[in-house]
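**Student:** Sending over a structure as structure tokens; questions will come in a sec.
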Amino acid sequence: MVLLQKISIKEISKILNRKFIGNDYHLISGLNEIHNVEKGDLIYVDHPKYYKKALNSLADTIIIDQEVEIPKGKAIIVSDNPFGDYNKLAELFFPESKPNETQKPNKIDASAIIYPNVYIGKNVIIGPHTVIYSGACIMDNVTIGDHVKIGPNSVIGHYAFYYKQIKESHFQMHSIGNVKIESFAEIGALCTIDRGVSASTIIGYGTKIDNQVHVGHDTVIGKNCLIASGAGISGCVTIEDEVKIWGQVGCASNVHIGKNAIILGQSGVTKSVEGNKTYFGTPCKESLQKLKELAALQKLPEIIKNI
């Protein structure tokens, strides 16, 4: 996520009270996690397994738990708690708003219909002819296009379910990302769409989401998709255009669902699947193959009996 203004590594090191290695005037323009990093970003890494990936990423500044050789043009901050220091910066530069704060600046089109008892956070954009029903919670930094419908008691932009285990405890990463809902999308009642950890969760143009659906952080859903009631989609999932996901489907994190795929009800998507095919079962397979397997399985008792 981009900072309001760039800041030098020297200033960051003073905030954290940590040693840095690099040019005093080395600038940081954003905070990010390694999965969504962009040039100018600061990220953290605290395991040797990921040192190379972090140092060779687009990030210019890395909070790291030991001194290492630095690629040209980059800088490091040495910390015995990179995760904690990153979180400290995230909370400092992207604080959560409080209910008693004035929720501005917001940009809400005059033609939008906002029913009673809707909570709207700060830096929210709501486009023309959008309708938001009672009980909905639109949290900070959410952008909603035009002709969008959001059902009663849905929560848009709740923090990401993203924790780091340290010893026996779990510590939450402060979410600084956002949610973007494109025009003509519909969100049913009692849905939850989590904001990105440091990037965007996106609901594409014309996509329709039924009641009681969960969409995890940093997931990107394409155009004109249909997602039925009870589906649970984890974080960092990519769903291409015109995908249909039927009721009670579970989708693991970091999978990719190809364009025009159909996932039948109660299936479990545990790995990426190609487009233009229909899938069923857990773990899901092409539906015809899976149905043949189930039919064969029904004959198993008779086969065993005849052995």
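**Student:** Can you find a residue in the stretch 268-275 that is touching a residue at least 12 places away in the same chain (Cβ under 8 Å), in a helix (DSSP H, G or I) and surrounded by 15 or more Cβ atoms within 10 Å (Cβ to Cβ)?
**Tutor:** No; the residues of the stretch 268-275 include none that is touching a residue at least 12 places away in the same chain (Cβ under 8 Å), in a helix (DSSP H, G or I) and surrounded by 15 or more Cβ atoms within 10 Å (Cβ to Cβ).
**Student:** Could you check, for the stretch 249-261, whether at least one of its residues is crowded, with 20+ Cβ neighbours inside 10 Å, within 24 Å of Ile150 (Cβ to Cβ) and within 14 Å of the chain's Cα centre (by Cα)?
**Tutor:** Yes, the stretch 249-261 contains a residue that is crowded, with 20+ Cβ neighbours inside 10 Å, within 24 Å of Ile150 (Cβ to Cβ) and within 14 Å of the chain's Cα centre (by Cα).
So that you can scan it fast, the table gives a plain yes or no per residue for (1) of a type in the set (Asp, Glu); (2) in the same structural domain as Tyr159 (by TED's automatic domain parsing); (3) touching a helix residue (DSSP H, G or I) at 6+ places or on another chain (Cβ under 6 Å); (4) surrounded by fewer than 13 Cβ atoms within 10 Å (Cβ to Cβ):
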residue	(1), (2), (3), (4)
Leu16	no, no, yes, no
Phe20	no, no, yes, no
Leu27	no, no, no, no
Gly30	no, no, no, no
Glu38	yes, no, no, no
Val45	no, no, yes, no
Lys52	no, no, no, yes
Ile62	no, no, yes, no
Lys74	no, no, no, no
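**Student:** Kindly indicate whether any position in the stretch 116-124 is in a loop (DSSP other than H, G, I, E, B), modelled with pLDDT of 95 or more, exposed (fewer than 15 other Cβ atoms within 10 Å of the Cβ) and not polar (S, T, N, Q).
**Tutor:** Yes - at least one qualifying residue is present in the stretch 116-124.
**Student:** Within the bounds of the stretch 164-173, is there any residue that is closer than 26 Å to Phe94 by Cβ and crowded, with 17+ Cβ neighbours inside 10 Å?
**Tutor:** yes
**Student:** I'd like to check something: does the stretch 192-200 contain any residue that is more than 17 Å from Ser253 (Cβ to Cβ) and assigned to a loop (DSSP other than H, G, I, E, B)?
**Tutor:** No: zero hits.
The values are calculated or read from the model by the stated rules, or taken from the named source; none is laboratory data. Not measured: the values here are computed from a predicted model. Neighbour counts are summed over all protein chains in view; Cβ atoms, including those assigned to glycine, are modelled from backbone coordinates with ideal geometry.
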